[in-house]
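Below is one structure, written out as structure tokens, with a few remarks after it.
The values are calculated or read from the model by the stated rules, or taken from the named source; none is laboratory data. Since the structure is predicted, the reported quantities are computational estimates derived from the model, not experimental observations. We place every Cβ from the backbone using ideal geometry, glycine too, and count neighbours over all the protein chains shown. Protein only, heavy atoms only, side chains kept; ligands, DNA and RNA dropped before computing areas. Shrake-Rupley method; radii C 1.70, N 1.55, O 1.52, S 1.80 Å.
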Amino acid sequence: MPRTFPAGLFIRAVLGALFYLACFTFVSAKDEMTSSLLIGNARIDIRIEESTLRIPTKDVLHWVKSAAESVAAYYGRFPIPQVLIRITPFKGRGVHNGMTFGDRGGRITILVGNETSPSEFASDWMLTHEMVHLAFPSVHENHHWIEEGIATYVEPIARIQARNLKAEQMWLDLVRDMPQGLPQVGDRGLDYTHTWGRTYWGGALFCLLADVEIRRQTNNGKGLEHALRGILDAGGDIRREWNLEDALRIGDRSVGVNVLEPLYARMKDKPETVDLNSVWTQLGVQSDGTSVHFDDNATLAAVRRAITTRESTATLDPTFFKLVAVFVGRAVGLRGWPARLNRNSG
Ligand SMILES: [Zn+2]
């Protein structure tokens, strides 16, 4: 879930790493398997460490493809030209500890249990979350909430748009989880309150409010996804370091209404309270905690429907995804990579 860009350390680390890698070409070579998935003009390299993953490779590739399809559905394309996904197997089941990095052209590291079933892969959200991180620039650590907030908010919408999740499930989860993003006693605003709840769900709350407001002001012509696509198209992906204000200004310009900048001004250094019950009522989301019912007569029912609807223009042809190559055997892995490049800045 965390993403990191090793900032000033990067150049020095790369120089050091080149040498390091050369030194480790032979001693670090292990049986590893690398597959490459072509998605539009982007390439996804999937490297499974040490070939100890006992589950079928096709299950792993299908899981990666589904996550990539989700992200491409939301952004209209895969966010960056090339990404390396390094999978480390562990004993057990499930998907854990995803991390996304902006160095070396973009990479994701993630743990996969060697007993993970196809249905567990199908319900995984973490890889989609990590791939969403690729689509926004690295910003100052005070604004970590926007990086995690976008990943938290966009992930289920992207999966719904790619038909990998039901809209009912997302709204049920949002009604349950979003209160964790509300300010607690002592809160000093999103930029200055670095708790888990405010980082992930406070950031997601910012995104929800922005999405609803952009759609309300544009009569559903635009939404947060168009603002985020605008930022991405302006070069704002994880490989770049940007000022948050610049990203938000470009986002607002992309949708033609001023929403992100004023919302940020309200939430950055003050504990802005939000009446979530009123938000759900206006959107027509009624939850009893175990199931959700939609009220299509609610004021903003059309906004709710638009949030999870895939743009009709974003049609991906069936040849969009191609498995280009699978290399099985010895590969020069990343095992010789200096530990500091793999650090998790939280
Ligand atoms: Zn994350």
> Checking A234 against (1) aliphatic (A, V, I, L, M); (2) touching a Ser or Thr at 6+ places or on another chain (Cβ under 9 Å); (3) touching a residue at least 24 places away in the same chain (Cβ under 8 Å), which test does it fail?
Replying inline: (3)
> How many residues does segment 241-255 hold that are assigned to a loop (DSSP other than H, G, I, E, B) and surrounded by 15 or more Cβ atoms within 10 Å (Cβ to Cβ)?
Replying inline: 1
> Is there a residue being within 15 Å of the ligand (Cβ to nearest atom), on the phi < 0 side of the Ramachandran plot, open to solvent by 10 Å² or more (accessible area, probe 1.4 Å) and not in a helix (DSSP H, G or I) anywhere in segment 139-160?
Replying inline: yes
> Restricting attention to segment 264-297, which residues are among the polar types (S, T, N, Q), open to solvent by 50 Å² or more (accessible area, probe 1.4 Å), modelled with pLDDT of 95 or more and not in a strand (DSSP E or B)?
Replying inline: N277, T281, Q282, T290, S291, N297
>> Going through E148, E115 one at a time, which residue ends up being in contact with a Lys or Arg (Cβ under 6 Å, 6 or more places away or on another chain) and of a type in the set (D, E)?
In response: E115
> Taking the stated definitions as given, is E213 open to solvent by 10 Å² or more (accessible area, probe 1.4 Å) and not hydroxyl-bearing (S, T, Y)?
Replying inline: yes
> What is the residue count in segment 91-111 for residues that are at negative phi and over 18 Å from the mean Cα position of the chain (by Cα)?
Replying inline: 2
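To keep it simple, each residue is scored yes or no on (1) in a helix (DSSP H, G or I); (2) of a type outside the set (S, T, N, Q); (3) open to solvent by 20 Å² or more (accessible area, probe 1.4 Å).
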site	(1), (2), (3)
F136	no, yes, no
N164	no, no, yes
E168	yes, yes, yes
V175	yes, yes, yes
> In segment 81-103, how many residues are closer than 19 Å to R229 by Cα, away from the ligand (no atom under 16 Å from the Cβ) and open to solvent by less than 20 Å² (accessible area, probe 1.4 Å)?
Replying inline: 0
> If you take the residues in segment 303-323 that are modelled with pLDDT of 90 or more and open to solvent by 50 Å² or more (accessible area, probe 1.4 Å), which one is nearest to the chain's Cα centre (by Cα)?
Replying inline: T309
>> Residues that are outside any helix (DSSP H, G or I), within 16 Å of A135 (Cβ to Cβ) and modelled with pLDDT of 95 or more: does segment 207-224 have at least one?
In response: yes
> Which of (1) in contact with a strand residue (DSSP E or B) (Cβ under 6 Å, 6 or more places away or on another chain); (2) within 14 Å of the ligand (Cβ to nearest atom); (3) assigned to a helix (DSSP H, G or I) does I110 not meet, given it meets every other one?
Replying inline: (3)
>> Condition first: hydroxyl-bearing (S, T, Y) and in a loop (DSSP other than H, G, I, E, B). Now tell me which residues in segment 180-202 satisfy that.
In response: Y192, T193, T195
>> I'd like to check something: does segment 118-125 contain any residue that is in a loop (DSSP other than H, G, I, E, B), open to solvent by 30 Å² or more (accessible area, probe 1.4 Å) and of a type in the set (F, W, Y)?
In response: yes
